[in-house]
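The values are calculated or read from the model by the stated rules, or taken from the named source; none is laboratory data. Model, not experiment: these values are computed from the prediction. Positions of Cβ are backbone-derived with ideal geometry, glycine not excepted, and every protein chain shown enters the neighbour counts.
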Amino acid sequence: MSIRRPGVPIARSAAPLAPRRCVATTVLAMGATRVAVIGASGRMGRAVCSAVEAADHLELAGRFDVDDELGDLAAADVVVEFSVPDASPANVAHCVSRGVHVVVGTTGWSDERLATLREQVAQAPGVGVLIAPNFALGAVLMMAFAAKAASYYESVEVIELHHPDKVDAPSGTAARTASLIGEAREAAGLGPVPDATTHDPDGARGARVNGIPVHSVRLRGLVAHQEVLLGAAGEMLTIRHDSFDRVSFMPGVLAAVRAVADHPGVTVGLEHYLGLG
């Protein structure tokens with residue numbers, strides 16, 4: 001059973017009686033890329049709508065939310081999808097089936113979900129889908145820096161901090177960071193991070209993602225923050241990024257919207273669009 005939250009759409013294969021229609025713009029500039037937003041009334045969705053409306057050569061074609069019929073997606077060229085993990089795969093699959101490029105900010109994309117998505121996209125040649133754990137350019141650089149530094153340090157841990165309304169843990173950014181670090185350590189021939197803990201009945205040592213300890217903090221007043229701690233004998237390197245406002249994600253979202261059509265297939269991580277992958 002899918003869990004519905006306010007402002008979170010769920011793709012529908014059949015429309016109910018008298019379905020709600022998305023809010024669509026009526027006058028679009030010639031030559032502009034038409035953008036629709038799924039999850040438009042959510043925190044990120046509202047910010048994306050404002051950013052698209054203010055951007056050059058982009059037009060906000062439609063806003064979709066809970067119980068809206070996705071239909072033809074307001075004839076959009078690109079859809080930006082910010083919902084929740086339970087709803088996102090069906091939303092993205094609908095876009096792909098319509099031949100529409102998708103920029104996805106929803107987390108929860110497991111290896112199994114990505115494999116299914118790749119099969120779907122293979123049936124829609126030319127369609128591009130970006131799954132991005134984080135759109136803040138500083139966060140993308142943080143992940144790249146952490147992966148670069150990982151092979152030089154014996155110890156490493158990831159701490160992510162978010163507002164308490166976030167529904168998933170660890171964050172997509174933390175999971176992606178830990179995966180990149182784990183891959184870099186494996187390529188360098190490093191073993192497991194040292195940890196003599198043998199008794200931890202309450203899970204105080206956090207989760208393990210690709211062998212890397214990951215800790216999640218949920219605190220009122222925060223937006224999105226992460227630090228990577230790398231340790232060696234006598235020293236520690238800290239790599240930290242802070243998003244104090246959701247406006248920090250918008251340059252990355254807009255960059256993705258403009259580039260997704262040039263990257264057919266499924267891409268995981270905005271760094272590949274920025275030449276960092």
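Name the residue that is surrounded by the most Cβ atoms within 10 Å (Cβ to Cβ), counting only residues in the stretch 37-53 that are of a type in the set (A, V, I, L, M) and free of Cβ contacts under 8 Å to residues at least 60 places away in the same chain.
Per the criteria, the residue is Ile38.
Rundown of residues vs (1) in contact with a helix residue (DSSP H, G or I) (Cβ under 6 Å, 6 or more places away or on another chain); (2) acidic (Asp, Glu); (3) part of a helix (DSSP H, G or I), yes/no style:
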{"position": "Arg113", "(1), (2), (3)": "yes, no, yes"}
{"position": "Leu117", "(1), (2), (3)": "no, no, yes"}
{"position": "Ala124", "(1), (2), (3)": "yes, no, no"}
{"position": "Phe135", "(1), (2), (3)": "yes, no, no"}
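Considering only residues that are outside any loop (DSSP other than H, G, I, E, B) and modelled with pLDDT of 95 or more, look in the stretch 94-111 and name the one that is farthest from Val253 (Cα to Cα). Lay out the reasoning, then the answer.
Step one: list which residues in the stretch 94-111 are outside any loop (DSSP other than H, G, I, E, B), which gives 94-97, 101-104, 111.
Applying the additional criterion that residues be modelled with pLDDT of 95 or more yields 94-97, 101-104.
Details: His94: 20, Cys95: 17, Val96: 19, Ser97: 22, His101: 13, Val102: 11, Val103: 8, Val104: 9 Å.
Here the answer is Ser97.
What do you reckon, is Gly277 touching an Asp or Glu at 6+ places or on another chain (Cβ under 7 Å), part of a loop (DSSP other than H, G, I, E, B) and either more than 18 Å from Tyr152 (Cβ to Cβ) or at pLDDT below 95 (or both)?
Details: touching an Asp or Glu at 6+ places or on another chain (Cβ under 7 Å): yes; part of a loop (DSSP other than H, G, I, E, B): yes; either more than 18 Å from Tyr152 (Cβ to Cβ) or at pLDDT below 95 (or both): yes.
Considered against the rule, which asks whether it is touching an Asp or Glu at 6+ places or on another chain (Cβ under 7 Å), part of a loop (DSSP other than H, G, I, E, B) and either more than 18 Å from Tyr152 (Cβ to Cβ) or at pLDDT below 95 (or both), Gly277 comes out as yes.
Does Ala259 meet the test of being part of a helix (DSSP H, G or I), outside the structural domain of His163 (by TED's automatic domain parsing), of a type outside the set (D, E, K, R) and surrounded by 15 or more Cβ atoms within 10 Å (Cβ to Cβ)?
Yes: the conditions hold for Ala259.
Return yes when Glu227 is in contact with a Lys or Arg (Cβ under 7 Å, 6 or more places away or on another chain), closer than 15 Å to Met143 by Cα and charged (D, E, K, R) and no when it is not.
Numbers: in contact with a Lys or Arg (Cβ under 7 Å, 6 or more places away or on another chain): yes; closer than 15 Å to Met143 by Cα: yes; charged (D, E, K, R): yes.
It is true that Glu227 is in contact with a Lys or Arg (Cβ under 7 Å, 6 or more places away or on another chain), closer than 15 Å to Met143 by Cα and charged (D, E, K, R).
Among the numbered criteria (1) touching a residue at least 12 places away in the same chain (Cβ under 8 Å); (2) assigned to a loop (DSSP other than H, G, I, E, B); (3) of a type outside the set (Val, Ile, Thr), which one does Gly203 miss?
Unmet condition: (1).
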